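Everything below concerns the one structure shown next.
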Amino acid sequence: MHFAAARELVRLMRSGEVSAREVTEAHLAQIERTNAKVNAIVTLLAEQAMDQAAAADERLASGVATGPLHGLPVAHKDTHETAGIRTTWGSPVLAGNVPKRDELIIERMKAAGVVTLGKTNVPEFAAGSHTFNPLFGATLNPYDTGRSAGGSSGGAAAALATGMHPIADGSDMGGSLRNPASFCNVVGLRPSPGRVPSWPAQAAWATMGVQGPMARTVGDVALLLSVLAGPDARSPIALETPGETFARPLDRDLRGLRVAWAPDLGGRAPADPAVIEVLEPAVKVFSELGCVVEEACPDLRGADEVFRTLRAWQFELTLGALPADRLKKSLADNIEVGRSLTGPDIARAEVLHTTLFHRVREFFERYDVLLAPVSQVVPFATDLEYPAEVAGRQMLDYLEWMASAYLVSATGCPALSVPGGFTTNGLPVGLQIVGPHRADFAVLQIGHAFEEATRHADRHPALAS
């Protein structure tokens, strides 16, 4: 039961074939068997979860309308505020923090009927795509526990991969939904800015960081997005499209689809040969599905400066008041970069951002979708903070190896990480599917067609069996 699709579990519970209590018990048992091997869930609320599952069963039995996520157990990302539940951001600074409210993404999931299992591990203040912190340690890759699970939604991805929960909430600024999905052979969507509104938010107009869904299949990601998406008066950038839009069937004939393949994003994100070796056959699948595939890439000049400038500015805004001597050095350094920015620095980034948007918009007049690696590397050793070298190029800092994801963040386009295959030694590699501005549903449809043709997501880690 713990590897069943979320949509199937909801169907079974609504039909009375299984109860929410049985579903929750099965996932708690899997957590008991597996979590110590990967360190994905850092706060566990087993008794509370069983109480919520019992209440879900009572609601169903009484004939009260139930939500689209009725009875689904989920552990929430430890950067998302949960009322009455410890939310630490992976930092000693917030080790005892217990919020009094749920933030919007949690509000929506609870209203849709989820059962809360606890919280999933993150890097300190979600900085970096490798999940480790001084409070809880590192989350390990389920396919090789000597390697990283990615980040910042690394705990969520590892828990999905091992069957500890069927859906997960996450967030993504530079790849935090996509990189762990790639490393753990699950699915993660970076939605268009405003697709999943955020509240509370200090910089409510900012678009670089977004929240979004993860799951083991594209269909389950779409199910969760149907709950998370939709307008909210508390978010000034919330898109008006109702969430129900994403609950429609994903089936689509891809014949004639114009596909661009950019293995190194125009030379700006060289990938290790092992990554390309896996993804080249994946790209051929699109030709077999009737697509017209060409090697092409939008002009991403300025994207690196846009991302780094606006990220540093937002880090200083949101974290600048924290004591630097109690933070990991790379995070403290990022905050200091943000503090040193001038008005002209921000202005230049905004102009570059606008120019980038129009170049990418024009690119998508010629192509329907862009394919690229999610990550430039395969999962790396857990004891590294980040890979020092990628494809023969020395990395300047802990961000540079994530360029294949964060350059796409700067475009504002929706981007999906879907399982793309495995290396010869069994490590997962994700394929990144990028669509035009606000084309989230099309991206999900294309990812679903690829998933159905390849079935890479059906391969689970041995330690989870």
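The values are calculated or read from the model by the stated rules, or taken from the named source; none is laboratory data. Every value quoted in this text rests on a predicted model; they were computed, and no experiment measured them. Every residue, glycine among them, receives a Cβ derived from its backbone with ideal geometry; neighbour counts consider all protein chains shown. Note: accessible area is taken over every heavy atom of the protein model, side chains too, but ligands, DNA and RNA are not part of it. Shrake-Rupley method; radii C 1.70, N 1.55, O 1.52, S 1.80 Å.
Straight-line reach from Lys37: which aspartates and glutamates have Cα under 12 Å away, leaving out those fewer than 8 places along the same chain?
The qualifying aspartates and glutamates are Asp144.
For the stretch 58-92 and the stretch 270-338, what is the centre-to-centre distance using only Cα atoms, to the nearest Å?
Computed from Cα coordinates, the inter-centre distance equals 30 Å.
Distance in nm between label sites at Glu244 and Thr354, each 7 Å beyond Cα in the beta-carbon direction?
My value for the distance between the label points is 3.8 nm.
I'd like to know which of Ala415, Ala403, Ala453 lies farthest towards the positive end of the charge dipole of the stretch 359-465, counting +1 on Cβ of Lys and Arg and -1 on Cβ of Asp and Glu.
Ala453
Over the chain, with a single point scatterer placed on each C-alpha, what log10 of the ratio I(q)/I(0) does the Debye formula yield at q = 0.10 1/Å?
Summing over Cα pairs of the chain leads to -0.65.
By how many nm would the segment from Arg393 to Glu305 lengthen if fully extended, with 0.36 nm per residue of separation less the alpha-carbon distance?
Stretched fully, the Arg393-Glu305 segment lengthens by 29.8 nm.
Give me the percent of DSSP beta bridges within the chain that run antiparallel, rounded to the nearest 5.
Taking every DSSP beta bridge within the chain, about 75 percent pair in antiparallel fashion.
To one decimal place, what Kirkwood hydrodynamic radius in Å is obtained for the stretch 1-108 from all pairs of distinct Cα atoms?
Its Kirkwood hydrodynamic radius stands at 15.1 Å.
With all protein chains present and a 1.4 Å probe, how do Glu124, Glu244, Glu336, Glu305 order by accessible area, largest first?
The ordering from most to least exposed comes out as Glu244, Glu336, Glu305, Glu124.
Can you sort Ser171, Ser409 by solvent-accessible area, 1.4 Å probe, largest first?
Greatest to least solvent exposure: Ser171, Ser409.
Could you give the dipole magnitude of the chain about its Cα centre, charging the beta-carbon of Lys and Arg +1 and that of Asp and Glu -1, in debye to the nearest 20?
400 debye
Find how much the distance from Arg366 to Phe422 grows on full extension, using 0.36 nm per residue of separation minus their present alpha carbon separation; answer in nm with one decimal.
17.1 nm
Pull out the extension gain between His460 and Ala46, defined as 0.36 nm times the separation in residues minus the alpha carbon to alpha carbon distance; nm, one decimal.
146.6 nm is the gain from fully extending His460 to Ala46.
With a ≥ b ≥ c taken as the square roots of the eigenvalues of the C-alpha gyration tensor of the stretch 84-170, please select rounded if a/c is under 1.5 and otherwise prolate if a/b is larger than b/c or oblate if it is not?
Oblate is the answer for the stretch 84-170, as a/c is 1.5 or above yet b/c matches or exceeds a/b.
On a C-alpha basis, how far is the centre of the stretch 102-125 from the centre of the stretch 154-228 in Å? Whole number, if you could?
11 Å
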